[in-house]
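Asks: Structure below; questions to follow.
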């Protein structure tokens, strides 16, 4: 199995970066994502521009 490691530096607090990466409302930075459908507080569905649909459930 191939393994890859990429490192990036961002000029902000890790908490701020995590809010952006884990947020469901501002997904502009994800170029392949068409939209996110929030079902409730723990479930959401990602819709890609290529038509793939991926359901997710958050674990507390």
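Asks: Taking the stated definitions as given, is residue 5 out of contact with any helix residue (DSSP H, G or I) (no Cβ under 8 Å at 6 or more places or on another chain), modelled with pLDDT of 90 or more and surrounded by fewer than 10 Cβ atoms within 10 Å (Cβ to Cβ)?
Replies: It is true that residue 5 is out of contact with any helix residue (DSSP H, G or I) (no Cβ under 8 Å at 6 or more places or on another chain), modelled with pLDDT of 90 or more and surrounded by fewer than 10 Cβ atoms within 10 Å (Cβ to Cβ).
Asks: Something else now. Please list, ordered by first then second residue, the pairs with beta carbon atoms under 6 Å, 6 or more apart or interchain, first in region 1-25 and closer than 28 Å to residue 38 by Cα, second modelled with pLDDT of 90 or more and in a loop (DSSP other than H, G, I, E, B).
Replies: Note: pairs meeting the criteria are 17/10.
Asks: Let me ask another. Just the residues that are surrounded by 12 or more Cβ atoms within 10 Å (Cβ to Cβ) and either touching a helix residue (DSSP H, G or I) at 6+ places or on another chain (Cβ under 7 Å) or in a strand (DSSP E or B) (or both), please, taken from region 8-34.
Replies: Across region 8-34, the qualifying residues are 33, 34.
The values are calculated or read from the model by the stated rules, or taken from the named source; none is laboratory data. Keep in mind that what you see is a predicted model, and the values were worked out from it rather than measured. Cβ sites come from the backbone with ideal geometry, for glycine too, and all protein chains shown count toward neighbours.
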